[in-house]
Amino acid sequence: MKLKFNPEQRNLTNTFKLLNSFRNEQTDPDSFYGFLALDGIRLLRRYTVIEDMTVLDIGGGAGYFSAAFKANGAKCFVLEPFVEELYWRGTPPNNSMVADGYNIPFRDRTVDISFSSNVLEHVADPKKFIDEMIRITKQDGIIFFCFTGWYSPWGGHETSPWHYLGGEYAKKLYEKKYQKKVKNAFGESLFKIKIKDVMTMVKDMDQVEILDLRPRYYPSWTKPILKVPLLNEVITWNLAVIMRRK
């Protein structure tokens, strides 16, 4: 698959394409993650240039995002804690390493862009994870991460929408119905993370300037959703956080 930047502006048509693509995550992961990677580059370009930047893709798995970064002129490293994820497509991505996002093996202030897509809901300590992203980012560099809120329609991942009945119960229902172990197991590799909690957390971080908080998959005019308590947890679906290192 050729991953090249598409300058298309975000609109409702693009939103519907993104949300509809979640149906194909398990059956056609190349199309799904390739499309998501292109959209991530498109969004990130609103806040920084990509060309000649050094990027660390944390939790980058099989390298879909790193391929998009490289196709757009960046030097990208992939950090992934699970070997099987790196080899998911047969060959691990170039410049990849097995390492923990809580203890990133990079010196302070060494990358221009610290990037993580849909990983935060899979870590037990989001603040420690974000602190590490900030630590390795150069002054005036960009920290970009997005995550799926627990109360969104996809909050339970493959166990959705049963997750609204509780994470453990959703896990049992899934395994009973499909007769196989769930990949994103609640309390092990998937956690209840709230949109409000993350927004409050980053607003209290004095090492960064918040450039934007926005629903990841929607047009910019939908940002007022974030101000509506409770409703924002369901409607936002996926929160994108863009910060600059002071």
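Read-outs throughout are calculated quantities, based only on the coordinates presented, and are distinct from any laboratory measurement. Predicted, not measured: the structure shown is a model, and the values here were computed from it. Counting neighbours? That spans all protein chains shown, and the Cβs are built from the backbone with ideal geometry, glycine included.
For the Cα trace of the stretch 81-132, dividing Rg by the Kirkwood Rh returns an Rg/Rh value of 0.96. Selection among I210, V234, G187 by position relative to the dipole of the stretch 170-246 gives G187 as farthest towards the positive end (Cβ unit charges, Cα centre). What does the extension gain come out to for K138 and D108, with contour length at 0.36 nm per residue minus their alpha carbon separation? Stretched out fully, the K138 to D108 stretch lengthens by 10.0 nm. Scanning the chain for long hydrophobic helices, with DSSP H runs required to stretch 30 angstrom or more by C-alpha along their axis and to average at least 1.0 on the Kyte-Doolittle scale, returns nothing. As a quick test, which of the pairs K194/K227; K138/K223; K128/K172 have an alpha carbon distance above 21 angstrom in this structure? Distance filter (> 21 Å) returns K138/K223; K128/K172.
Pop the C-beta distance of L165 and K194 into the FRET formula with R0 = 30 Å and round what comes out to the nearest 0.05. It comes out at approximately 0.95.
Placing dummy labels 7 Å off each Cα toward the beta-carbon, the span from V83 to K177 is 3.4 nm. Per-residue ellipticity at 222 nm from helix content only, as computed over the chain with -39500 (n - 2.57) for each DSSP H run of at least four residues, stands at -8500 deg cm²/dmol.
If you take the alpha carbon radius of gyration of the chain and divide it by 2.2 N^0.38 Å, what ratio comes out, to two decimals?
Working: Rg = 17.1 Å, N = 246, 2.2 N^0.38 = 17.8 Å.
Normalised Rg, Cα atoms only: 0.96.
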